[in-house]
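One structure below.
The values are calculated or read from the model by the stated rules, or taken from the named source; none is laboratory data. For clarity, every value in this text was computed on a predicted model and none was experimentally measured. FYI the Cβ positions are ideal-geometry reconstructions off the backbone, even for glycines, and counts take in every protein chain you see. For the accessible areas, the whole protein counts, side chains as well, though only heavy atoms, and no ligand, DNA or RNA atoms are used. Shrake-Rupley method; radii C 1.70, N 1.55, O 1.52, S 1.80 Å.
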Amino acid sequence: MYLELQQRLTARLKTVLVDLYKLQPSDVDPAVFAVEQPPELAFGEYALPAALKLARALRKSPKMIAEEIAAALTPMEGFASFEVAGAGYINAKLDRAHLAKLLAAGAEREQPKRDRVLVEHTSINPNKAAHIGHLRNAILGDTFVLLLRAAGHSVAVQNYIDNTGVQVADVVVGFEHLEKKSKADVQALIAGSGGGSRKSFDYLCWDIYARVSQWYSEGTLEEQAAKKQLRLDTLHLLEHGGNATSELAELISTAVLRRHLETMARLGIEYDFLPRESEILHLKFWESAFEKLKATGVLYLETEGKNKNCWVMRRMGAEMNEGLDEDAKVIVRSNGTVTYVGKDIAYHMWKFGLLGRDFGYKIFHTYPTHTCWISCEHGEKEHPHFGGVEAIYNVIDSRQSDPQSNVIQALRGMGHTAEADRYTHFSYEMVALTPRYAEELGYTVSDEDKKKAYIEVSGRKGFGVKADDLMDLMIAAARGETLKRHTDWSEAEVDKTSEQIAYGALRYFMLRFTRNSVIAFDQKDALAIEGETGPYVQYALVRAKNIFRKAGVTPEEALAGLAENAELAKPTVLAESAEKAELAKPTVLAESAEKAELAKTLGGDEGADIWALLVRASKRSFVLEQSLVSSEPAYLAKHAFQMAQEFSNFYHKHHILNEENETRKKLLLATAAIALRELVKTLELLGIEAPEMM
RNA sequence: GCGCCCGUAGCUCAGCUGGAUAGAGCGAACGCCUCCGAAGCGUUAGGUCGUGAGUUCGAAUCUCGCCGGGCGCACCA
């Protein structure tokens, strides 16, 4: 609602400036039409710096201009006043009763249909159990998908599966050469391992992967070289396909992938399509891309220096040394094989529909509401259309920003500048462990590491926390708290609530930090259910629900009580584009005794906290927009927390059920209902559930 | 060596397209349950915004240098 009113204010400001100063909006610095937020709510809800920006051009004092504009803006539907403040800011104050009624009516603008976009996230190597760092990736990606969808985008979620890489090869080496397991043995292991327990196949692979990594570095130099060669040979067998080793790899990677989907499903994270590297290789994606890269001159054959006989791509800002660019990125090796970046260029051309080839598709998994497809060479005739989207977001950790920018540069070099501009590397920093927590987990921490703020986890060393273990630990802790408070609950109730709290706590913790901040994970912080956490937000909402349970009134009834006879609050008022001029025309509202009383309550000092809560509640779509343009879900997480905090304050201060003044009680109940609705919807955007009780 | 990111309260972090007294959580001290659940609420203490210069009427925010920390820079993926 806040966003809609702001857009109307902008539209009206434009017409006023055209009328007053004959300005052509297209010729003017957009900053003139900026709408900011005053530092304090007491100053108003919006601040217009227009007069400050126009002073020089109009050769008048900012204050005079501000007075003129303020006078011309008045009156305006939804706004109570426009006041000149400071050097020439115009502070706009909302009509408080009006906003309260709008919020109670819950009028939301219909989202216009926006672009088709593709979000790639999770993309865990299918060779071992998911760990804590993967959780950050998947939670960030999944939440961003929720935000995009809420804003009207049609989103396909992809989880890229590198099933032919060295990491899978390492585990295959482990099974074949360390464990001496046959394909049938591995099949039996997979069949015998239950999901979610320590006996799971992905856990087994976790240990084998760590052992193989250790094994590579043992023995004489000759032995080590032989092991390296074994690793390389295995990798080539996987890439080539059609042999016993690649079949074993397929078996292993698919089983681990299924476990990853189970792990993520616990948090409500689902996928639409799983493109695999094996198909990118076998369906000759690279060959198509190579032709186009050569034709556009992005790649050239190096004839001199260390990269002789390689096809290379010039890096951004690379310097030539005597006509030779030795810093160029090798895309095709001198032996004719393609590097990782090369394959990635082909894959991303496919994403934008620029490749001229497609995957085969078959169904891999069925979720309650949709199916998840996986790539294959010869798939179903009927399948959804993936790829060919307008914008993409790749949730990939910040260490990969170089290869990511190489891909973008290749697209740009081929002339696909529009695509390059809409390619977002949604980068994020790693999740590490605090030294203290690493010790708690039983790892030996060196004295040097103890001084650090955090220690990086390493799948190679088997050092870290597995995602499923972490969730189990958090559920157990939440369960302890729940049991303390509700001795009379059934087992099912305790289970459900504990899971809602634990998963909410985890998702919130991964989202509350901005993307480029390293998260130093500590069990104590993660399990904390006080402070800026998911459970705090959930608790606020549960308190709101309790009010209605006791009052014998539903939130819907409370909202209707305030919204009634509010013609102006009808959704249609806001359904059309706010840019349209007719919306900016001043209209006068019908006055009523009830509205006057509302205005009095909300306007006084006593009502300041109620007003602050209502304004906060009105900002969901505004914060959603901010989160989207900056690709930063943390803003919405912060919004949820602030809502919860202001509601807790309100809850403490006003004893709604004892309120004797009927109009006041109606307002308080409606405010609680608005806060409840907004808390639930904001948490929904973050993928966090709202418990009934806790 | 080159590139990217970071340095804000004891700790963990917001704020960074320049603008109205620098914010939050944790931790610390104190206070609040005959009243919708105290997993809560309130009050207080705590900051030369790494450092030096520059641009500007105005800099935590922009530019440059320096110091400290992290990560990239393979014919690995």
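Computed log10 I(q)/I(0) for chain A at 0.05, 0.06, 0.07 Å⁻¹: -0.31, -0.45, -0.60, from the Debye equation with unit scatterers placed on every C-alpha and solvent omitted.
Calculated mean residue ellipticity, 222 nm, chain A: -16000 deg cm²/dmol, from DSSP H runs (n ≥ 4) at -39500 (n - 2.57) each, averaged per residue and rounded to 500.
Note on residue A:362: aspartates and glutamates with a C-alpha under 14 Å away, same-chain residues under 8 apart excluded, are A:272, A:279, A:377, A:380, A:382. Computing Rg and the Kirkwood Rh from the Cα coordinates of the stretch A:1-160 gives a ratio, Rg/Rh, of 1.16. Restricting the calculation to Cα atoms, every distinct pair contributes to the Kirkwood radius of the stretch A:195-246, found to be 12.8 Å. The alpha-carbon of residue A:53 sits under 29 angstrom from the alpha-carbons of these lysines, leaving out residues fewer than 8 places away in its chain: A:14, A:22, A:63, A:93, A:580, A:585, A:619. Across the stretch A:438-449, rounded Karplus estimates of 3J(HN,Hα) from the backbone phi angles (6.51 cos²θ - 1.76 cosθ + 1.60, θ = phi - 60°) give 4, 5, 4, 7, x, 7, 7, 10, 5, 4, 5, 5 Hz, Gly and Pro being marked x. Working value for the stretch A:215-357: equivalent-ellipsoid semi-axes of 32, 25, 15 Å, each the square root of 5 times a Cα gyration tensor eigenvalue, largest first. Temperature 25 °C, viscosity 0.890 mPa s: under these conditions the Stokes-Einstein estimate for the stretch A:2-94, based on its Kirkwood radius over C-alpha pairs, is 189 µm² per second.
Full extension of the chain between residue A:653 and residue A:605 yields a length gain of 16.0 nm, computed as 0.36 nm times the residue separation minus the alpha carbon distance.
Would you work out if the stretch A:327-439 is rounded, prolate or oblate? Take a ≥ b ≥ c from the square roots of the eigenvalues of the alpha-carbon gyration tensor; rounded if a/c is under 1.5, else prolate when a/b is larger than b/c, oblate otherwise. Note, shape of the stretch A:327-439 comes out oblate.
Mind checking which aspartates and glutamates have their Cα closer than 19 Å to the Cα of residue A:600? Skip sequence neighbours fewer than 8 apart in that chain. Those aspartates and glutamates meeting the cut-off are A:45, A:77, A:95, A:564, A:591, A:609, A:659, A:660, A:662. Within the full protein context, the accessible area of residue A:27 is estimated at about 120 Å² for a probe radius of 1.4 Å.
Distance between the modelled labels on residue A:405 and residue A:517, one decimal in nanometres: 2.5 nm (7 Å Cα→Cβ projection). Solvent-accessible area of residue A:308, all protein chains in place: 110 Å² (probe radius 1.4 Å, heavy atoms, ligands and nucleic acids excluded). A quarter of the convex hull surface defined by the alpha-carbon atoms of the stretch A:435-527 gives 7.2 nm² as the mean projection.
Shape analysis of the stretch A:245-286 places it in the oblate category; the axes a ≥ b ≥ c from the Cα gyration tensor give an a/c of at least 1.5, with a/b not above b/c. Taking label points 7 Å from Cα along the Cα-to-Cβ direction, residue A:472 and residue A:546 give a separation of 3.3 nm.
Please give me, ordered by residue number, the GluC sites (Glu not before Pro) of the stretch A:483-543 that lie in loop per DSSP and have at most 11 other Cβ atoms within 10 Å. Display every interim value, and only then the final one.
Working: sites: A:491, A:493, A:499, A:530, A:532; in loops: A:530, A:532.
Passing both the DSSP loop test and the Cβ count: A:530.
Pairs exceeding 28 Å between alpha-carbon atoms, taken from A:181/A:228; A:128/A:381; A:128/A:681; A:306/A:452: A:128/A:381; A:128/A:681; A:306/A:452.
Ranked by solvent-accessible area (1.4 Å probe, protein heavy atoms only, all chains present), the residues A:333, A:276, A:485 order from largest to smallest as A:485, A:333, A:276.
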